[in-house]
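Structure first, then comments.
What follows is calculated from the coordinates using simple rules that are stated; it is not laboratory data. Here the structure is a predicted model, which is why all the values come from computation and not from measurement. Using ideal geometry, Cβ is built from the backbone for each residue, glycine included, and neighbour counts are taken over all protein chains shown.
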Amino acid sequence: MMEEGRFHKALELILTELTGVFVRVEEKKIAALEEAIASAGAVFVTGEGRSGLVARCFAMRLMHLGLRAYVVGGTVTPAARPGDLLLAVSGSGKTATTCSVARSAARAGARVAAITAGPRSPLANVAALVVVIPAAAARGRSLSRQHGRSLFEQSALLLLDALVLELQRRLGRTDADMASRHSNLE
């Protein structure tokens, strides 16, 4: 049984870590990502593991906003073309599948944007736009007490959810507009 108050202490730790990350994220890069999404013909998302789940959550919200959004590997995902955007999410920036998809998107003429903790990673090298979430280990010392890349993944989810709010405002979408696009077959 959990000791009284331990849950709130764990939650406080996570929120403190997240705040420490977000004060170091470059807001102008997020603004550039917002512009890239708003001007894209279609937005494709990719990522593996928990980063991939975060990317899929974002694609859903883009669809709710009325944008053309696809998850790479889905059965109804069309070809990427010039004018489209691939958003790749990878904490390390080294995930082989994610990097391969990014290279394929670039070859197809799509713009590649990356959300990563690895500013000098193979993924960052392919991307035209890189949003760095400074949640990686520094000199072998973890910046987080949480397991694995949890801090990166949480930060990516919150960053993208905040971006949805900005896109909603920019596009003039109401909650009712977004709700009208929510799945009704469940």
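Length gained on full extension, GLU26 to ALA10, computed as 0.36 nm times the residue gap minus the Cα-Cα distance: 3.1 nm. Taking the longest Cα principal axis of the chain as reference, the axis of helix 96-107 is set at about 30 degrees. For segment 30-166, the dipole from Cβ point charges (+1 on Lys and Arg, -1 on Asp and Glu) about the Cα centre works out to 500 debye, to the nearest 20. For ALA32, what charge total do you get from the other residues with a beta carbon under 13 Å from its beta carbon, if Lys and Arg give +1 and Asp and Glu give -1? Counting the neighbours of ALA32, the net charge comes to -2. Once the Cα atoms are used to define both axes, helix 150-171 deviates from the longest principal axis of the chain by about 40 degrees. Listing ASP84, ASP175 from fewest to most neighbouring C-beta atoms within 10 Å gives ASP175, ASP84.
Counting every other Cβ atom within 10 Å of each residue's Cβ, SER90, SER150, SER39, SER121 order from fewest to most as SER39, SER150, SER121, SER90. Gaussian network model of the chain, Cα springs within a sub-10 Å range: biggest mean-square fluctuation belongs to which of THR75, THR97, THR16? The residue with the greatest mean-square fluctuation here is THR75. For segment 1-52, the dipole from Cβ point charges (+1 on Lys and Arg, -1 on Asp and Glu) about the Cα centre works out to 80 debye, to the nearest 20. For the chain, the 222 nm mean residue ellipticity estimated from helices alone, with every DSSP H stretch of n ≥ 4 adding -39500 (n - 2.57) and the total spread over all residues, rounds to -15500 deg cm²/dmol. Given a Förster distance of 45 Å, report the FRET efficiency between ARG170 and GLU3 from their Cβ-Cβ distance, rounded to the nearest 0.05. E(calc), rounded to 0.05, equals 0.50. Helix 27-39 versus the longest principal axis of the chain: what is the Cα-based angle in degrees, 0 to 90, to the nearest 10? Orientation of helix 27-39: about 30 degrees from the principal axis.
The separation of segment 153-177 from segment 15-78, counted between C-alpha centres, amounts to 10 Å. Spin-label pair GLU34-ALA128: with each label point 7 Å from Cα along the Cα-Cβ axis, the two points sit 2.0 nm from one another.
Using C-alpha pairs under 8 Å with a sequence gap of at least 6, the mean separation divided by the residue count of the chain gives a relative contact order of 23 percent.
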